[in-house]
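What follows draws every value from the coordinates through simple rules; no lab data is involved. Note that this is a predicted model, so its numbers are computed, not measured. Cβ placement follows ideal geometry from the backbone for every residue including glycine, while neighbour counts extend to all protein chains displayed.
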Amino acid sequence: MEQFSDRLKNLKEYYFSIKLKEVNKLIKSGENIINMAIGNPDISPHNNVEMALSDSLKNDKSHMYQSYQGIPQLRSSIAKYYERKYKIYLEKNSEILPLMGSKEGIIHISLAFLNKGDRVLIPNPGYPTYLSASKIVEAEPVFYDLEENNSWYPDIEKLRSLNLKGIKIMWINYPNMPTGSNFDEQKLSEIVEFTKAQNIILINDNPYSVILNDSPKSIFNIRNSFDSCLELNSLSKSHNIPGWRVGMVVGSRHMINKILKIKSNMDSGMFYGIQMGAIEALNLPDTWFNSLNKHYKERKRLVLKLCEILNLKVQSGSVGMFVWAKIPDNQNSYDYVENLLSKHKIFITPGIIFGSQGESHVRISLCLNEKKIKEAINRLK
């Protein structure tokens, strides 16, 4: 008889893992589905990035095990990227840890800082992996609401009123996914002060800062944050290489060393060619981001037109590669999405998968070309 871990009882297969099987089955049966649900960049990376990967294969060491901390050139490029984009100065040998995608970092951080029974502050709505990682390490999730009338930030007084006994870490994600709410220095300063006072490690998940955003920020732009915070970042969205799995966690030497203890027992280093391509990506000039955002700006204009046809209410001033919209008459988001898929063969994301505060909302991706978005619009006319 097969024996399974008890932790599987508290885990569900990821929504997109299940739903995409269904959508792909429809596509194979001949249905012309327009997928506007996934944040999977469709624009190719810069040619120099692809060439760096290809050229790296000529190196004698390219197929060997690599450093658990990434090659020095990669850490140096991350440090320079943080200096250039955020005006943050990191020590490349001790304050940067490259990751195989920032999703890996969520579980590594959870394993490094949480024991069974510890408690974790998780945003509602929020990225589902914060919850699943907490469950995997048998920590207790404590949800805090992001308030629509507070630009999708938590009410700091409500945070203070929570039972904070046993809280070890707090997850935040600004610029926010799914809502698109941008980095607010004053609000985040209050959160940093709150977590420092309670001896809680604050982790900002920051993969969207350069998408449709004129002023990219890091949590370390907040005064006195460095000793108590960590930040995850990723090249998936910003440099169009999601399948390469390149991310990073940055923070104090003390905390990075704790995460390295976990990581060094979980993998054997990142493929050399991917690291060389990532170095080239990190060194790209601002003209790359300007060109990328020109595409996303036009796509967003079209998606907003689609939202208008559907009578969806969109939050103004949002950034990132998604549009977050409110469904009329507080309709159930699952039902709304299923109806749109059934009637119009358009697939978008129900807000409820991000938590109860996401109900009556949907998330629409900008990761498909203008022609496809126009086709979706025409189906609704």
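Table for the structure above
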quantity: Highest-first arrangement of 311-321, 282-292, where packing means the average Cβ count within 10 Å; calculated: 311-321, 282-292
quantity: Taking the convex hull of Cα positions in the range 317-381, its mean projected area over all directions (nm²); calculated: 4.9
quantity: ³J(HN,Hα) computed for each position of the range 130-145 - Karplus, 6.51 cos²θ - 1.76 cosθ + 1.60, integer Hz, glycine/proline x; calculated: 4, 6, 5, 5, 4, 5, 4, 8, 6, 8, 9, x, 10, 7, 10, 7
quantity: Dimensionless Rg/Rh of the chain - Kirkwood Rh, Rg from C-alpha atoms; calculated: 0.96
quantity: At 1.567 mPa s and 4 °C, Stokes diffusion of the range 301-347 via Kirkwood alpha-carbon radius, µm² per second; calculated: 112
quantity: All Cα pairs of the range 241-381, percent lying beyond 24 Å; calculated: 50
quantity: Helical contribution to [θ] at 222 nm, DSSP H n ≥ 4, -39,500 (n - 2.57), averaged over the chain, rounded to 500; calculated: -12000 deg cm²/dmol
quantity: Cβ-based net charge around Val246, under 12 Å, with every Lys or Arg adding one and every Asp or Glu removing one; calculated: +1
quantity: Student exercise, the chain dipole from Lys, Arg, Asp, Glu Cβ charges, in Debye to nearest 20; calculated: 500
quantity: Among 247-258, 265-276, the order from most to least packed when residues are scored by Cβ within 10 Å on average; calculated: 247-258, 265-276
